[in-house]
Amino acid sequence: MESNSTDLVTATDVAVQGAVFAALRRHYPDFSYIGEEDGAAATPLGASPTWIVDPIDGTANFVAGLADVCVSLALAVDRRVILGVVYSPVADELYTATAGGGAALNGVRLPPPVCDRLADGLVVMEWGYDRTPAGMDAMLAAARAVLGAPSRGVRQLGSGILDIEAVSTSGCGR
């Protein structure tokens, strides 16, 4: 399955989303559900408790056999995310975070980020899917701005969620 040549959707994405929703519905039958693979048919985020799922973040990596893929879940209540869970099956890493409660990696609490200056940190950037001339111009302008900013470097692993996990847990010089 493919939504376009750069924005892939596989049968595995659909199957994983179905399995995650089925497991969650056993415990939370009255909650709402939004899945990336639902596309335009997705239920809009409302005030009721809502599970939000990206079944395979990094689908292009998954299709290519690269390791940077993950399953991403969030729980929103009153349109506010209160819980996040990310599992990287290849690395066997489970990231969890709660609003106001900090984050953990495989059950071990992570220290808060210590970087307070962009010049001391890493920046993540994803290229996106728009390959029209205007879309590419916008991406290249953004890349020029990011590359010109004072930072230790720019990263793109192919999974936006794992990009964020990598730079948020790397700290400054750790």
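The values are calculated or read from the model by the stated rules, or taken from the named source; none is laboratory data. Quantities reported herein were computed from a predicted structural model and do not represent experimental measurements. Here the Cβ is made from the backbone with ideal geometry for all residues, glycine too, and neighbour counts use every protein chain on show.
Pick from region 54-99 the residues that are closer than 20 Å to residue 37 by Cα and of a type in the set (Phe, Trp, Tyr): which of them is surrounded by the most Cβ atoms within 10 Å (Cβ to Cβ)?
62
Within region 51-99, track down each residue that is in a loop (DSSP other than H, G, I, E, B) and touching a strand residue (DSSP E or B) at 6+ places or on another chain (Cβ under 7 Å).
Listed by number, the residues that qualify are 58, 69, 99.
Here's the yes/no breakdown for (1) assigned by TED's automatic domain parsing to the domain that holds residue 75; (2) closer than 17 Å to residue 160 by Cβ:
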site	(1), (2)
90	yes, yes
94	yes, no
97	yes, yes
105	yes, no
123	no, yes
130	no, yes
133	no, no
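Select from region 1-47 the residues that are at pLDDT below 80, of a type in the set (Ser, Thr, Tyr) and surrounded by 10 or more Cβ atoms within 10 Å (Cβ to Cβ) and write down the one among them that is farthest from residue 57 (Cα to Cα).
43
So, in region 125-155, of the ones that are part of a loop (DSSP other than H, G, I, E, B) and loosely packed, with under 12 Cβ neighbours inside 10 Å, which residue ends up modelled with the lowest pLDDT?
Ranking the qualifying residues of region 125-155, first place goes to 149.
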